[in-house]
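What follows is one structure encoded as C-alpha cells, with my remarks underneath.
The values are calculated or read from the model by the stated rules, or taken from the named source; none is laboratory data. Since we're looking at a predicted model, the values are computed, not measured. Every residue, glycine among them, receives a Cβ derived from its backbone with ideal geometry; neighbour counts consider all protein chains shown. Surface accessibility is based on the protein's heavy atoms, side chains included, excluding ligands, DNA and RNA. Shrake-Rupley method; radii C 1.70, N 1.55, O 1.52, S 1.80 Å.
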Amino acid sequence: MKSSRGRINQYKILFADEKLRKHLVKTELLSEQSLTTMLNEREPIVVKSVYGTEEISIFQKNNQYHIKTNSKISSVIDKEALYTALKKETTQQYYIIQKSPTTHQLFRQFVTMQRNTPSSEWYLASQTKKIRSTLATFVSAFFYKKIQEIAICASTKLGESFSDCHTIVLDIACDLYGDIWIFDSVLHLSNSKWSQYHELRRNRKLPKYLPNTELLTPETFRLYLQRYKSIILKPCVGQNGIGVIQIRSKSDSTYEIHTDTRKIIQPSMKRAFKYIKKNLLTKNEYIVQQRIALATINKSLIDIRVVLQKTDGIWKITGKLVKVAGKQFIITNAAKKLLTLEKALYDAKMTRVDIKKIEYRLNKICKIATDLLVENNAGLNIIGFDIGITKKGELWIFEGNKVPDIQMFNDLEDKTMYKTILNIRNTSK
C-alpha cells in the first residue's frame, strides 16, 4: 500500500524518528480546536493545504486577528469568527496548521536533497535562499554540516516510504544559536522539472547544455534578473507550456511580463514579482531559468523535438523535427509550423553552421540524457526531448517528456518518421 504524499503524512513519518522529532515545527490537521489551541500559545501561525502550495498566515494586531492570503488581508475580532472566516478562504478539504518556533531570528532556505537510485545515499544538491540577507548566508555556511546531517536524515526517512521519489525539497530554518527546524517537505517525482534538472546534472557532460535553473523565490527572482536580464518561470509540474512566464528587464528600469502573447509592464522588480505571485503563479512549485536567445525564422522562435524509443532493448532516435513558435509566443508549444532540421537551419539563415556536427552533438546529448532519465523508470519506452538551438548552433536541453506528442510528426510532409515511431510504439506494447 502506497503512503499518502500529503503534508500531514510526511510529518508523521518524520515525527516517528526520535532524532528528527525535536527539529519539526509543531503541525496538526486544521480544526476549530487545533486553531484555538495554537492561538492560545501566542506564536505566529500558518495554515497550509495538505496538497499543493496554498498558504494562509494568521497574526494578531490591535486586538484583532488578521488573515493574510496571497491576494488580500482580512480581519476579525474573535477566535470563533476567525475559524469561520478561515474556512471561507480555503478551497480544499484538508489543511494543516503550524506554529513557528519562538526565537529572535530565523533564517529559512530551501534545501534540495537528491539520490540517484532507491538504494543510493541522499546528498545535498542545492540550497536556495528565500530572501536577501548577508547574515543568513553566514549562518547557513556556519551551520552547513548540521543542516546537511538533519536533511540527510529526513530525506532517508521519507525515501523509505516513497521509493519512486529521488528529489526532496526541505524548507529548513536555522537561528543564530544553531537550532534547526523543518517547516515543510515537498516530494518531487520524475515528472518534476526540478527533479529532472538534478537527474541530468549527474553526468559531467550535460551541465553545459542545461540552462541555469533554481527554485523560484523572491531572492532567486532578483538574482536571475540581475544576472541574465531576461528569465523564464516554469511550473515544476506541467505540460504544453501552460503557466510559463517570461520576464525581461528593459533599459528604463521597467520590467516586461510576457505570457502567451500578452505583455504587461511593471515599474520595478519588486512590483513585477508581486504581480506575478498574485496573478500568474498557479498552485504549484516553480523554477526560474535563464532565458536562452533561440534562433528564429521570420522573428518566430524555434526549437528541436527529438524522440527516442526503446526497441529490442536498445534506445534509438526515431524522430527529429523543428517547431516554429506562433507569432509573439515565448515558447514553441503553440507551433505554427513544423520543419525538418536541415530546412529549419536554412530558413533560420544558419548557413555557416555545420548540420552534421549539430546532429552529432544533438544525438549524443539526447542519448546520454535518456540513459539518466530511464535509470529509475524500467517500464519507459519513449522519451521526447525539447532542445533549444541558438543562431551560433549552441544546443540547450529544456526538458525530457515521458509522454511526448507524436502526432506532430504526422503533420510533416514526409510521414516516414511518424510511421516508424508508431510502428515501434505498437510493437512494444
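Here the Gaussian network model covers the chain, with springs between Cα atoms less than 10 Å apart; of 84, 213, 282, 84 fluctuates the most. Spin-label model, residue 270/residue 64: points 7 Å from Cα along the beta carbon direction are separated by 2.4 nm. Would you mind classifying the range 350-429 by shape? Square roots of the alpha carbon gyration tensor eigenvalues, ordered a ≥ b ≥ c; an a/c under 1.5 is rounded, otherwise it is prolate if a/b is larger than b/c and oblate if not. It is oblate, given that a/c is not under 1.5 and a/b is not larger than b/c.
With a simple spin-label model that places each label point 7 Å from the Cα along the Cα-to-Cβ direction, the separation between residue 36 and residue 206 comes to 5.4 nm.
For the pair the range 119-133 and the range 41-62, the centres of their Cα atoms are 25 angstrom apart. Which log10 I(q)/I(0) values, to two decimals, does the range 284-429 give at q = 0.12 Å⁻¹ under the Debye formula with one point per Cα? Evaluating at q = 0.12 Å⁻¹ gives log10 I(q)/I(0) of -0.49.
In this structure the range 323-429 gives 56 Å² per residue of accessible area when probed at 1.4 Å with all protein chains present. Full extension of the chain between residue 239 and residue 299 gives 19.2 nm of extra length, using 0.36 nm per residue less the Cα-Cα distance. Fully extending the segment from residue 254 to residue 416 would add 53.5 nm, taking 0.36 nm per residue of separation and subtracting the current Cα-Cα distance. Here the sum of -39500 (n - 2.57) over DSSP H runs of 4 or more residues, divided by the residues of the chain, equals -9000 deg cm²/dmol at 222 nm, to the nearest 500.
Which shape class, rounded, prolate or oblate, goes with the range 28-105 when its Cα gyration tensor gives a ≥ b ≥ c as root eigenvalues, a/c under 1.5 marks rounded, and past that a/b bigger than b/c marks prolate?
Values: a/c = 1.35, a/b = 1.14, b/c = 1.18.
Rounded.
Can you tell me how the range 117-183 classifies by the Cα gyration tensor, rounded, prolate or oblate, using a/c under 1.5 as the rounded cut? Verdict is prolate for the range 117-183. If you count Lys pairs in the range 326-388 whose Cα atoms are under 19 Å apart, skipping same-chain pairs closer than 8 places in sequence, the total is 11.
Could you give me D for the range 78-131, from Stokes-Einstein at 37 °C and 0.692 mPa s, where the hydrodynamic radius is the Kirkwood radius over C-alpha pairs? Units µm² s⁻¹, please. Roughly 210 µm²/s, to the nearest whole number.
Ligands, DNA and RNA left out, the accessible area of the chain computed with a 1.4 Å probe is 49% carbon and sulfur. Full extension of the segment from residue 105 to residue 327, taken as 0.36 nm per residue of separation minus the current Cα-Cα distance, would add 75.0 nm.
For the range 115-274, averaging the sequence separation of C-alpha pairs within contact (under 8 Å, six or more residues apart) and dividing by the residue count gives a relative contact order of 16 percent. Remark on the range 1-146: ratio of C-alpha radius of gyration to 2.2 N^0.38 Å is 1.20. Note on residue 350: accessible area approximately 10 square angstrom, rounded to 10, probe 1.4 Å, nucleic acids and ligands left out. The relative contact order of the range 295-429, computed from alpha carbon pairs under 8 Å that lie at least 6 residues apart in sequence, is 27 percent. Rolling a 1.4 angstrom probe over the protein heavy atoms with all chains in place gives the range 1-85 an accessible area of 59 Å² per residue.
Determine the relative contact order of the range 191-307: mean sequence separation of Cα pairs under 8 Å and six or more apart, normalised by residue count, in whole percent.
Numbers: 159 pairs, mean separation 34.0, N = 117.
Value for the range 191-307: 29 percent.
The alpha carbon centroids of the range 357-373 and the range 166-206 are separated by 26 Å.
Here is the size of the chain from its Cα atoms: Rg then Dmax, 23.8, 73 Å.
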